[in-house]
Amino acid sequence: MKPKFLEQIQARLYYTEDLIVREFDLYGKPAVLVYVETLCDTEKLEINLFKQWFRTNSDDYHNLKVDGLITSLDVHSCTSPEEAVKAILQGKALAGYEESWYVFNAQQANVRSIQEPVNESSIIGERSGFIEHLNVNINLIRNRASSPQLKVRYLRVGHYSNHEVAVLWQEGVADARIVNEVTQRLRRLGTGREVHPGRLQKELLKAEKRSVFPQVFGTERIDTATNLIMQGRIAVLCEQSSTCLIVPVSFYTFLRTIDSMLMEDKGALILQTLRAIGLMLSLYICSLYIAIVSFHHEVLPSQMAISIKGSLENVPYSPIVEAVLMIIIFQLIAETTIRLPSQIAQMVGVAGGIIISEALVKIGFVSNIYIVIVALSVVGSFIIPTYQMRILILILQLLFVFAAWIVGFYGITLLTAACLVHFFSLEPFGVPYYSPIRSKAE
């Protein structure tokens with residue numbers, strides 16, 4: 001090694017003050033220990049290095065090399081400053097003696113306890129979810145899968161900072177072509193910013209057709225991820241993230257929960273039917289209301305049409321205004337309850353929805369009938385289990401409302417046809433988006 005090896009490391013780390021350089025004497029010659037104190041565990045340093053160092057003074061331990069002095073399992077030589085900097089930023093320590101330099105693991109283990117994901121609660125599923133530690137997440141999947149065919153491939157992605165990403169799949173069940181394609185796309189990620197599942201998702205979809213339909217499934221549930229892996233999907237896990245990305249997926253994947261996967265066929269069919277009804281309500285009920293009150297009064301019984309027209313007499317604005325206004329208000333209330341602490345979120349959601357709706361009806365800003373319509377729409381969207389699909393439904397809901405406002409039922413029909421044409425043309429990773437993905441074993 002060059003005599004300026006240590007100076008090169010310090011220069012590449014911009015002489016940060018949490019970089020600790022500890023000098024000590026080994027057999028009468030200078031040795032050095034380099035580590036970042038905010039990333040390393042001092043107890044591990046004491047056990048893996050200095051405990052053996054004190055023993056070298058006795059007669060039983062003498063002339064130990066540096067790699068023999070370090071008791072850590074993860075020890076390897078370091079040959080360049082770039083390699084040393086990458087290792088140090090991963091929580092490893094660098095020990096140097098004469099011209100030999102070695103890195104060993106001394107990373108802090110800041111791991112939170114395993115809990116059930118708040119956003120993906122289950123009735124009959126497990127009460128455990130992923131955490132922000134890559135090795136722990138892989139351990140949880142391996143314990144549940146218990147399969148020798150489960151393969152793991154590690155990747156280093158990023159330009160300035162190298163983040164570790166793991167790709168998991170079931171060998172012999174997953175398509176090898178898709179596995180290689182996923183690996184190649186992740187390796188092309190050269191961002192200099194933080195690597196997280198959202199950025200990985202964008203990289204995975206760069207080569208796919210642009211669409212408002214979600215094409216990468218994200219979950220924090222261990223049982224859901226393992227179940228999909230065993231069916232032939234590919235999982236992508238990222239360090240410092242509790243979200244597991246699953247590819248390839250179909251539209252059907254976003255409508256299923258672990259409860260419907262574990263239940264008998266009849267119970268699962270009932271749950272899927274309810275979700276289909278909620279999907280149709282959230283997509284069409286607001287637009288149908290707009291089309292009927294604006295163009296097609298004749299489809300309603302005369303008494304109902306008179307009642308609706310009477311409720312609209314005191315509303316000074318067009319039905320499209322009250323429709324968009326109430327959709328936005330209810331979505332604001334929903335987002336507010338998500339971000340607020342759980343102790344007050346439920347109270348704010350109920351009280352806010354009731355008070356605001358009642359006040360808008362009293363001042364004549366919206367009709368009381370449309371309050372019921374938009375409430376049914378929101379309830380229908382909340383029965384959809386995934387947040388990604390709820391965002392899609394909100395976008396399509398607004399598009400259908402504007403289409404109904406322009407040409408009534410014809411607009412709804414034309415937009416539905418356009419969505420279906422686009423829907424059936426999607427093939428993420430070469431797999432049809434409209435059909436469930438089955439494993440080779442099924």
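The values are calculated or read from the model by the stated rules, or taken from the named source; none is laboratory data. Note that the structure is predicted; figures quoted are calculated from it, not measured. Glycine also receives a Cβ, built like all others from the backbone with ideal geometry; neighbour counts cover every protein chain displayed. To get the accessible areas, we keep the full protein, side chains included, count just its heavy atoms, and leave off ligands, DNA and RNA. Shrake-Rupley method; radii C 1.70, N 1.55, O 1.52, S 1.80 Å.
M261 contributes an accessible area of around 40 Å² to the protein surface, as traced by a 1.4 Å probe with all chains present.
Largest first, the residues H422, H297 sort by 1.4 Å accessible area into H297, H422.
Only helices reaching 20 angstrom along their own axis (Cα) with mean Kyte-Doolittle hydropathy no lower than -1.0 count here, and for the DSSP H runs of the chain these are 265-294, 319-339, 342-362, 368-382, 387-407, 409-425.
For Y387 and D25, the FRET efficiency from 1/(1 + (r/R0)^6), where r spans their Cβ atoms and R0 equals 56 Å, is about 0.45. Here the simple spin-label model places points 7 Å from the Cα toward Cβ, and for K266 and S146 these points are separated by 2.9 nm. When only Cα pairs below 8 angstrom with a gap of at least 6 residues are kept, the chain shows a relative contact order of 14 percent.
Let me make sure I get this right: for segment 294-409, a, b and c are the square roots of the gyration tensor eigenvalues over alpha carbons, sorted descending. Under 1.5 in a/c it's rounded, otherwise prolate if a/b > b/c, else oblate. Which is it?
Since a/c reaches 1.5 but b/c is at least a/b, the shape of segment 294-409 is classed as oblate.
In loop segments of segment 317-410 as defined by DSSP, there are no trypsin sites (Lys or Arg not before Pro) with at most 11 further C-beta atoms inside 10 Å of their C-beta. For the pair Q8 and D74, a Förster radius of 25 Å applied to the C-beta separation gives a FRET efficiency near 0.60, rounded to the nearest 0.05.
Would you mind finding the longest exposed-site-free stretch of the chain, with exposed chymotrypsin sites (Phe, Trp or Tyr not before Pro) meaning DSSP loop and at most 14 other Cβ atoms within 10 Å?
Details: sites that count: Y14, Y15, Y27, Y61, Y160, Y317, Y434.
Between exposed loop sites, the widest span is 161-316.
The relative contact order of segment 111-219 comes to 18 percent, based on Cα pairs under 8 Å that sit 6 or more residues apart. Of the listed pairs K151/K206; K29/K86; K4/K86, which have alpha-carbon separations greater than 23 Å here? Check vs 23 Å cut-off fails for K151/K206; K29/K86.
Looking at the chain, the accessible area is 53 square angstrom per residue; that uses a 1.4 Å probe and ignores ligands, DNA and RNA. Among the GluC sites (Glu not before Pro) in segment 132-228, those located in a DSSP loop and surrounded by at most 13 other Cβ atoms within 10 Å of their own Cβ are E171, E194. Atom-type composition of the exposed protein surface of the chain places 58 percent of the accessible area on carbon and sulfur (1.4 angstrom probe). With R₀ fixed at 35 Å, the C-beta to C-beta distance from N180 to I124 puts the FRET efficiency at about 0.45. If the segment from N110 to Y317 were pulled out straight at 0.36 nm per residue, it would be longer than the present Cα-Cα gap by 68.9 nm.
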